[in-house]
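Since the structure comes first, as C-alpha cells, the remarks are kept for the end.
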Amino acid sequence: MRILITNDDGVHAPGLVACEKIARAISDDVWIVAPETDQSGVSHSLSLNDPLRLREVGERHFAVKGTPTDCVIMGVRHIMPDKPDLVISGVNRGRNVAEDVLYSGTVAGAKEATVLGIPSFALSQAYAFTTKHLPYWQTGIAHGPALMQKILKEGMPKDVLVNINFPDCLPEEVEGVAVSTQGKRDAEFLKIDARHDGRGNPYYWIAIARGIKPAAPPGSDLAALDNKKISVTPLRLDLTDEPFMTKLAQVLA
C-alpha cells in the first residue's frame with residue numbers, strides 16, 4: 001500500500017512524526033508532502049494567486065509553500081510516480097470535532113484526497129490545558145494503525161472520508177471506540193479579542209471563549225472524547241440536505 005501523508009500544522013510539526021509512525025505500521029511505502037508553515041484553520045482553500053514553492057526535505061519528504069489541499073494535489077499530480085492507495089492527514093495538534101471540521105486544514109487534506117478518489121483519514125489528537133504543549137501522541141500511534149486497517153478492510157464508500165479523534169489520555173486509558181455523529185457546540189464559542197499595539201492602533205484576534213462547557217450531545221464526537229473514547233466519524237463530500245431539497249422542490253414547483 002502506497003500512503004501519502006499531509007497535515008496543516010506544518011512540515012516540522014511533531015504530529016507529522018506521529019503520523020509517519022502510524023503509516024509505517026501499515027506500509028513501508030510512505031510519502032510526506034506537508035505545508036512549509038502552519039496552515040491551521042485554512043479549511044479547503046487553494047492557492048490560486050500565489051505560486052507553489054516545493055522543497056525536498058528528505059527522501060520522499062517534501063514541503064510545499066501552500067495549503068494542505070495544495071499539498072495533496074501536488075503529491076498526487078506531480079511528486080509521486082503513481083497515485084497513492086491511501087491519504088492520511090494529521091496527526092493534528094488538537095481535536096477536530098463539531099464545527100472544527102468546517103475550518104480544519106487537516107480535514108480538508110483528507111477531503112481533497114476523497115475528491116481525487118483516494119480513501120482518506122483525518123487524524124487529530126485532543127489535548128487539555130495541562131497537555132497542550134505535549135499531547136499524547138503515543139495514543140494515536142498505539143491505536144491508529146489497527147483501527148484504520150479494520151476500516152479499510154471493510155471498505156470505504158466513494159466520496160466519504162473518515163475523521164478520527166484520539167482522546168486526551170494515555171493509550172492504556174482509552175475506553176474504546178465510538179462511531180459518532182458530528183457534534184455541535186454553543187454558537188457563542190467564538191469571540192473577538194480586541195487589543196492595541198505599541199502605537200495605540202487597534203488590532204484583533206479571533207479567540208475561543210473560555211468557560212463552563214455545556215454537556216456534549218449524546219452520540220457525538222464531543223461526547224466520545226469527553227468519555228476517553230476514540231471518535232470515528234464518516235464525513236460526506238455531498239452537503240446536500242435532501243429533506244429540505246424535497247420540500248423546496250414542492251414549494252418552488
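The values are calculated or read from the model by the stated rules, or taken from the named source; none is laboratory data. As the structure is a computational prediction, the values presented were derived from the model and not from experiment. Methodologically, a virtual Cβ is constructed for each residue, glycine included, from the backbone with ideal geometry; neighbour enumeration extends over all protein chains shown. To get the accessible areas, we keep the full protein, side chains included, count just its heavy atoms, and leave off ligands, DNA and RNA. Shrake-Rupley method; radii C 1.70, N 1.55, O 1.52, S 1.80 Å.
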**Complete:** Output for the range 159-218: trypsin sites (Lys or Arg not before Pro) sitting in coil per DSSP, at most 15 other Cβ within 10 Å, listed by number, reads Lys184, Arg199, Arg210
**Request:** Have a look at Ala23, Leu152, Ala209 and report the one farthest towards the positive end of the charge dipole of the chain, computed about the Cα centre with Cβ charges (Lys/Arg +1, Asp/Glu -1).
**Result:** Ala209
**Prompt:** Once phi is turned into θ = phi - 60°, what whole-Hz ³J(HN,Hα) does the Karplus curve with 6.51, -1.76 and 1.60 give for every residue of the range 79-96, x standing for Gly and Pro?
**Reply:** 7, 7, x, 9, 4, x, 8, 8, 10, 10, 10, x, 7, 5, 7, x, 6, 10
**Message:** Taking 0.36 nm per residue of sequence separation and subtracting the Cα-Cα distance, how much length would be gained by fully extending the chain between Val115 and Tyr204, in nm to one decimal?
**Reply:** 28.6 nm
**Fill in**
Carbon/sulfur accessible area of the range 1-95, % of total, 1.4 Å probe, equals 46
**Message:** Largest first and in whole Å, what are the equivalent-ellipsoid semi-axes of the chain based on the Cα gyration tensor, each being the root of 5 times an eigenvalue?
**Reply:** 26, 24, 22
**Fill in**
Listed by chain and number, the aspartates and glutamates with an alpha carbon less than 13 angstrom from that of Lys65, same-chain partners under 8 positions apart left out, are Asp8, Asp9, Glu36, Asp38, Asp50, Glu56
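Rounded to the nearest 20 Debye, what is the dipole magnitude of the chain about its Cα centre when Lys and Arg each give +1 and Asp and Glu each give -1 at the C-beta?
So the dipole magnitude of the chain works out to roughly 180 debye.
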**Prompt:** So which of Lys111/Lys132; Lys213/Lys247; Lys83/Lys229; Lys21/Lys184; Lys153/Lys247 end up more than 29 Å apart by C-alpha?
**Reply:** Lys213/Lys247; Lys83/Lys229; Lys21/Lys184; Lys153/Lys247
**Request:** Enumerate by residue number the GluC sites (Glu not before Pro) in the range 47-115 meeting two conditions: DSSP loop (anything except H, G, I, E, B), and at most 13 other Cβ atoms within 10 Å of the site's Cβ.
**Result:** Glu59
**Message:** Can you tell me, using C-alpha contacts under 8 Å and at least 6 residues apart, the relative contact order of the chain as a whole percent?
**Reply:** 18
**Request:** Compute the accessible area per residue over the chain, keeping the other protein chains in place, probe 1.4 Å, unit Å².
**Result:** 55
**Asked** Can you give the relative contact order of the range 21-93 as a percent, counting alpha carbon pairs under 8 Å and 6+ residues apart?
**Response** 31
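Within the range 103-253, what whole-number % of the accessible surface is contributed by carbon and sulfur, with the 1.4 Å probe and all protein chains included in the calculation?
On the way: 5450 of 9410 Å².
Of all accessible area on the range 103-253, carbon and sulfur atoms account for 58 percent.
Please sort by residue number the GluC sites (Glu not before Pro) in the range 155-253 whose DSSP state is loop and whose Cβ has at most 14 other Cβ atoms within 10 Å.
Hits after loop and neighbour filter: Glu175.
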